[in-house]
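Since the structure comes first, as structure tokens, the remarks are kept for the end.
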Amino acid sequence: MKTFLAAAFIVMAGSLTISAQHAAPISGREGGSQHVAPLPHCVDGPNDIAMLPHWEEGSTDVALLPHWEEGPRDIAMLPNSEACPKSATTFSSSDADPKSTSLLPNREDGSEDVALLPRWEEGFLDIHTIATGRGDACLIIMPDGTTMMIDAGDNGKAKDKQHPDGSMKPGEWQARYMRHFMEGLPGGGALDYAMVTHLHDDHIGSVRDTLPGRDGYALSGITLVGSLIHFDKLVDRGWPDYDFPSREKVLAADRGFIEHYFRFIEHQRSLGMVAEKFENGSRKQFAMKYDPKPYARDFEIRNLASNGEMWTGKGMKTRKMYSGDINLFDENMNSCAIRLRYGKFSYYNGGDLSGGNLDMPSYPSKERDFESQIAGVCGPVTVMKANHHGYYDTCNGYFLQTLSPEVIVIDARSNNHPVPSTFTRITDPQVWRGDREYYITVDQARGKLGEELWSKFKPWGHIVIRVYPGGGSYRIFVLDADSTDYHIIYQTELRELK
């Protein structure tokens, strides 16, 4: 174990001063894991002292600085640049640009500072793609503070490396991440909406690696997150009957765990949660709850498709995307898809929808190209989450051309996310034109893709799209997926939308 010297921070009424007259020991974990030392809040007056450990080369100890909540807050700002610098300038938050990045004070040995994502502010839209390496999870914080989670998966497969480590289950890490970034929001720590795109283990949890529950169901993925964070409303493709395309197909979608998911829903309903079926065409199912009026003209979440049906683009009218045997459907074909708009910014998320047929026993239908049909009603978007993790059957040329995203995000968990053929198509300027960037949550596919393709990605980790008030500009941040302070490892310049 190591012992570190600590500089003392004295928090006064609106300012931050540094003293080097005090010291306190703090121990780092052995074995390479990270030790996080939170600084306590000032409670009893200006003489309270909180200890920040002195960082040494090679150390993985991280100290977190809590937010000072009374009076102006002194913060350090990171200039708008793609690389995090090794120093920072400190000035009062009354002069701060909310689009900048806050930093912990410089370490005494001159090593690189830790840049932290500033807290959400009213008018911001934040879209977090959370990296665990075991399944999809997305957190959306709307401009009025309404929160929405899309999926909370855990495939329970040991071969898929978990992030930040295996000391907790993916659902625990997902909940920890969301609670961190939901702190201080009007929902009081609850999630306003939990949306499930479809019923596969990497989107809802698996029976392979569960924790025991006390209420009649096992804890994994969404049931584990839901045991730690209350959901006000859960929306999925099947409630309450779960019989499309048949009850047997639903039970087989996540064999052994789906019954636990059903029992979780019923228990949570007894505690006040609302459960609903995803309503194609609706723009009210995921409405803002706290202060929607200022954003009424600029913000909406439109339900595009689920269960093989899609919105026509007119009112609430829908149509089927298939004509053949629904019993040939695989669960991915039933995925729910949404398009979010905020001013000039737009975002697409379609779960594991397909853009083509596959000659595999598990994908028997020959009507799997739902991407081409949804593309027209979705239209161009700023950011697109790649369907089905960039697998063989996704991101066809027409879909890419029609959506023409500036940014493509891949929520990955295996060495096939994405596969080389699909990522080659995604990055080929002859398939579709326009400047764009590529982001991925984990590096499982690096070896299979090869360095030439892999180098097209920005650094991997938790991916945060922050859209600023009015929806006219945005910036992308990548947060370290192997740390527990979620510090920034990459950020873009501010981008103005035309």
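Given that compact globular proteins tend to follow 2.2 N^0.38 Å, what is the ratio of the alpha-carbon Rg of region 199-257 to that value?
Region 199-257 yields a ratio of 1.15.
For the cross-link pairs LYS320/LYS456; LYS159/LYS385; LYS169/LYS385, which exceed 32 Å when the distance is taken from alpha carbon to alpha carbon?
LYS320/LYS456
Using only Cα atoms, what Kirkwood radius does region 304-344 have, in angstroms?
11.6 Å
By what distance, in whole Å, do the Cα atoms of region 257-324 stretch along each of the three principal axes, largest value first?
Result, largest extent first: 45, 37, 14 Å.
Can you give the FRET efficiency to the nearest 0.05 for SER270 and ASP359, using r as the Cβ-Cβ distance and R₀ = 30 Å?
0.05
Which residues in region 368-405 place their backbone N less than 18 Å from a point set 7 Å from the Cα of THR312 along the Cα-to-Cβ direction?
Output list for this probe position: 373-379.
Rg/Rh for region 392-498: what does it come to with C-alpha atoms and Rh from Kirkwood?
0.97
Figure the gain on full extension for GLU496 and GLU183 (residue separation times 0.36 nm, minus the Cα-Cα span) and round it to one decimal in nm.
The span from GLU496 to GLU183 would gain 109.9 nm if fully extended.
Where the centre of each part is set by its Cα atoms, how far does region 271-316 sit from region 409-480, in angstrom?
A separation of 27 Å, based on Cα centres.
Test of understanding: extend the Cα→C-beta vector of ASP435 to 7 Å, then name every residue of region 372-390 with backbone N under 18 Å from that spot.
It comes to 381-384, nothing else.
Quick note: the coordinates plus some simple rules give every number you see, no bench work behind them. Predicted, not measured: the structure shown is a model, and the values here were computed from it. Cβ sites come from the backbone with ideal geometry, for glycine too, and all protein chains shown count toward neighbours.
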